[in-house]
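Below is one structure; the comments refer to it alone.
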Amino acid sequence: MGWISRQFTTRTIVLIPIAIAINVVLGYTVQTVLKLPIYLDSIGTILVGVLAGPLAGALTGILSNLIWQYAPGIGGGTIGPFAITAGVIGLLAGVWGQLGIYRSRPASRTVLILAAVTAAVVIGVVAYPILNNPAYTDPNIGGYPSWVFTAIVLIAIVAGIVVAGFILVSKDLAGFWVALAGVITGIVAAFVSAPISAYVFGGVTGSGVDVLVAALRQGGSDVIHASLGQGLFSDPIDKTITSFVVFIILAGLSRRIIARFPNGERLVGPSVD
Amino acid sequence: MRRTPVGFYRGLNPTTKLVIALSTAALAFVLRGWLVPLVALLVVGATVVRAGLGRAFVPFVLATIPLLISIVLVNVFLYPGATDTILVIGPLRATATGLTVAGQASLRIVAFALSVAVFALTTPTDDLLADLERRGMGRRGTFVIGAAIQTIPRLAARAGEVADSQRARGLRTEGSVWRRIRGVVPLAGPMISGALSEVEERTMALEARAFSAPARRAVLRPMPDDNVQRAGRWLLGLATVGLIALTVTGHLGLP
């Protein structure tokens, strides 16, 4: 019981509604203004998970979705049933936080280069099954013009370069772990969301990702595999970007403020400046 | 002094309205087919008429349209494994199975969205939170939900202000997708850091008001509640759980 109450200090209770608001405002903006196949509605969730712990993170995620769905004045849309996914994302963020993933880890040049290369390889490995989906590779099946395949290859290459570059420029090994955490979170989120999307909505949600779902169905996937295919494309990208955003936000906060949060010491490290 | 709500539906206890909204939504989604979503929609429709919600309802209805278009298009033309074609337009084949699925999904979504809307339009947040706290949710829960609902419009307004001031400094936010993406970072940054800077102050303010003290707070204005509503909530809740259980285990097959 102590572990639970320790995560919910007054500071955490104050942070959670602010995090929920960040989730909803950013997610709404991205969905309605940008219409990209990413969501960016988990920044607050992951932030709370990392700062306060898995339960606080899970609660932030779940409440964000429910409030966005049911709140008088703001409510609407279809985000409610995905509260489960949001809860899982927050839970994982708390786990990463407790493992010290987001802690700054300066390292020697050789280690950094090794990490950068590994990160690029991991991104390639994750992108490979997506690239090989016939919906994307064969224009006859997928109905996708052939530039989409090139676009995905380009996105994978750019992502690899950006992550590797981040690791090398910031001289911080944490970039590697944050990217890894983001990719894993994204994959888990895709697997949790696919049955929800397929069962509740028949596979579409009215946001920018539906184009992907349509193409995958055209390629012969059934409902749940099409949802999964779309998720495995959007979620790892989205969660990795979000994880990096959270990492940058944490880097911008003063150590004193971070240290006061329940998970603070694991983020700041044992050294004294 | 706040006016007491008029009308049968508005006068119900907020928790009753919440239970109705959640049950309608759950039943519409889990009990697939035509009958239950249609009944749910009729119940919602009757409530809208009775509570005089008409015009305020329109934006909620309009909000479901993009989703419905997606659902209809994707399911009618691209339903996997369906062979009962009814219409051919170029390379796309519309199937009867797809049409049925699209129709049922649309009905479900609309019933769900509108039951949420009816609840949102007739229930002031403060009343709901006060009632839930009286039932034992605790002031921390009340604070989190209430503060979140208040902060969202405030943050959105702040985002607008940040956008305006960045635009005054020459930031371009209209135009191509790439430019819009580049426009997000200078907006999100100040917005998030501004929001987070409040955390310390608010924490101090709450602690100064004995936020984490264990004593229960006294309720000044209890919401009306009676035995009929209480019984009704329990019955509705149990019926919902029961119907869902029967459907999931395959014992109940409604049209």
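What follows is calculated from the coordinates using simple rules that are stated; it is not laboratory data. Quantities reported herein were computed from a predicted structural model and do not represent experimental measurements. Ideal geometry is used to build each Cβ from the backbone, glycine not excepted, and the neighbour counts take in all protein chains shown.
Mean projection of the alpha-carbon convex hull of region B:30-104 over all orientations, in nm²? The partial results should precede the final answer.
Numbers: hull surface 25.6 nm².
In nm², the orientation-averaged hull projection of region B:30-104 is 6.4.
Near the amide H of A:Leu173, within less than 5 Å, lie the amide hydrogens of A:Arg105, A:Ala107, all on another chain or at least 5 residues away, with H placed in the peptide plane. Phi angles of region A:172-177 translate, via the Karplus equation with coefficients 6.51, -1.76, 1.60 and θ = phi - 60°, into HN-Hα couplings of 9, 5, 4, x, 5, 5 Hz per residue; Gly and Pro are given as x. Per residue of B:115-124, other chain Cβ atoms within 10 Å of the residue Cβ number 3 on average.
Test of understanding: what is the full-extension gain from A:Phe191 to A:Arg6, defined as 0.36 nm times their sequence separation minus their Cα-Cα distance?
Details: separation 185, 0.36 × 185 = 66.60 nm, distance 3.05 nm.
This chain segment gains 63.6 nm when fully extended.
With contacts taken as Cα pairs under 8 Å at a separation of at least 6 residues, region B:62-105 carries a relative contact order of 39 percent.
With θ taken as phi - 60° and the Karplus curve 6.51 cos²θ - 1.76 cosθ + 1.60 applied, the whole-hertz 3J(HN,Hα) list for region A:4-13 is 5, 5, 5, 6, 10, 6, 4, 4, 4, 4 Hz, x standing for glycine and proline. Mean partner shielding of peptide B:67-73, defined as the number of other chain Cβ atoms within 10 Å of each residue Cβ, is 5. Normalising the average separation of contacting C-alpha pairs (under 8 angstrom, six or more residues apart) by the number of residues puts the relative contact order of chain B at 29 percent.
Partner shielding of A:170-181 amounts to 0, given as the average count of beta-carbon atoms from other chains within 10 Å of each residue beta-carbon. Here A:Val158 and B:Ser212 are evaluated by their C-beta separation; at R0 = 51 Å the FRET efficiency comes out at 0.60. Close amide-amide hydrogen proximity is noted between A:Arg260 and no other residue 5 or more places distant or on a separate chain, at a cut-off under 5 Å (H modeled in the peptide plane; Pro and chain starts excluded).
Can you figure out the FRET efficiency of B:Leu235 with A:Ile224, using R₀ = 41 Å and their beta-carbon distance, to the nearest 0.05? If you can, show how the numbers build up before the last one.
Working: r = 35 Å, r/R0 = 0.86.
Between B:Leu235 and A:Ile224 the formula returns 0.70.
If we count other beta carbons within 10 Å of each Cβ, what is the order of B:Thr249, A:Thr29, A:Thr240, fewest first?
On the way: B:Thr249 8, A:Thr29 19, A:Thr240 24.
Taking fewest neighbouring Cβ atoms as first place, the list is B:Thr249, A:Thr29, A:Thr240.
Calculated mean residue ellipticity, 222 nm, chain B: -24000 deg cm²/dmol, from DSSP H runs (n ≥ 4) at -39500 (n - 2.57) each, averaged per residue and rounded to 500.
Against the empirical 2.2 N^0.38 Å (N residues), chain B has a Cα radius of gyration ratio of 1.31.
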